[in-house]
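Asker: I'd like to ask you about the structure that follows.
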């Protein structure tokens, strides 16, 4: 029976220590760890929380493809793990985590940055910001290589608010 791959989407809190262990290798002289966290503000205003939704089967495939692409572009990579949260996250929660181990730091940093950008622009994962004023803003991504990370957002407001 084929080995089932580990899930890359989770509703559980992300444990950075587990992530580091997942890429540990005695041949690695560097481990780059990226943790994306929910901040308390955005272009739309003060953020209370963010809700992440995903087309889960496609998102799993997209994250696996990004891991494979990291290994293809940086063949010396000894480990890569990507995990993304879905569901409702509070300010300060880790929403996405990427760990890359490699013999050298330059490759680990480059590979980790590539993975962050690929996820942001290619994975079918969407976020809706819940703002302090009661409004909700869907944040749209842009294709890889775009200069801005935010397209026009659709805002659903409770009550009126001038822009």
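Asker: Here's a check for you: in segment 104-144, which residue that is in a helix (DSSP H, G or I) and touching a strand residue (DSSP E or B) at 6+ places or on another chain (Cβ under 6 Å) is surrounded by the most Cβ atoms within 10 Å (Cβ to Cβ)? Let's see the steps before the verdict.
Answerer: Taking segment 104-144 as the starting set, the residues that turn out to be in a helix (DSSP H, G or I) are 105-122.
Subsequent filtering for residues that are touching a strand residue (DSSP E or B) at 6+ places or on another chain (Cβ under 6 Å) retains 105, 108-109, 111-112, 115-116.
Details: 105: 12, 108: 27, 109: 15, 111: 24, 112: 25, 115: 24, 116: 16.
Among them, the one singled out is 108.
Asker: Shifting gears a bit: Determine which member of the set 95, 88, 149, 101 is modelled with pLDDT under 95 and not in a helix (DSSP H, G or I).
Answerer: Matching residue, one of 95, 88, 149, 101: 149.
Asker: Residues to consider are 13, 49; find the one that is in a loop (DSSP other than H, G, I, E, B) and either closer than 30 Å to residue 136 by Cβ or touching a strand residue (DSSP E or B) at 6+ places or on another chain (Cβ under 7 Å) (or both).
Answerer: Of the residues listed, the single one that is in a loop (DSSP other than H, G, I, E, B) and either closer than 30 Å to residue 136 by Cβ or touching a strand residue (DSSP E or B) at 6+ places or on another chain (Cβ under 7 Å) (or both) is 13.
Asker: Can you give me the number of residues within segment 13-38 that are within 15 Å of residue 94 (Cα to Cα), without any contact (Cβ under 8 Å) to a residue 60 or more places away in the chain and surrounded by fewer than 12 Cβ atoms within 10 Å (Cβ to Cβ)?
Answerer: Step one: of segment 13-38, the residues within 15 Å of residue 94 (Cα to Cα) are 13-20, 33-38.
Restricting the remaining residues to those that are without any contact (Cβ under 8 Å) to a residue 60 or more places away in the chain gives 15, 17-18, 37-38.
The next check asks that each one be surrounded by fewer than 12 Cβ atoms within 10 Å (Cβ to Cβ); those that pass are 17.
Total satisfying the criteria: 1.
Asker: If you don't mind, there's one more thing I want to ask. Against the definition (in contact (Cβ under 8 Å) with a residue 60 or more places away in the chain, over 20 Å from residue 7 (Cα atoms) and surrounded by 14 or more Cβ atoms within 10 Å (Cβ to Cβ)), how does residue 62 come out, yes or no?
Answerer: no
Asker: Mind checking whether some residue in segment 58-70 is in a helix (DSSP H, G or I) and closer than 13 Å to residue 127 by Cβ? Full working, then the answer.
Answerer: Initially, segment 58-70 is screened for residues in a helix (DSSP H, G or I), giving 58-70.
Next, only the ones that are closer than 13 Å to residue 127 by Cβ stay: 59.
Within segment 58-70 (the criterion being in a helix (DSSP H, G or I) and closer than 13 Å to residue 127 by Cβ), the answer is yes, since at least one residue qualifies.
Asker: OK, next. Give just the number: which of (1) within 12 Å of residue 33 (Cα to Cα); (2) in a helix (DSSP H, G or I) does residue 80 not satisfy?
Answerer: Evaluating residue 80 over (1) within 12 Å of residue 33 (Cα to Cα); (2) in a helix (DSSP H, G or I) leaves (2) as the failure.
Asker: Turning to a different aspect of this structure: If residue 141 meets every condition in (1) modelled with pLDDT of 95 or more; (2) within 14 Å of the chain's Cα centre (by Cα) apart from one, which number is that one?
Answerer: So residue 141 meets the others, but not (1).
Asker: Give the number of residues within segment 39-58 that are exposed (fewer than 15 other Cβ atoms within 10 Å of the Cβ) and over 13 Å from the mean Cα position of the chain (by Cα).
Answerer: Looking only at that region, the number is 9.
The values are calculated or read from the model by the stated rules, or taken from the named source; none is laboratory data. Small disclaimer: the values here were computed from a predicted structure and weren't measured. Here Cβ is always computed from backbone atoms with ideal geometry, including for glycine, and neighbour counts include all displayed protein chains.
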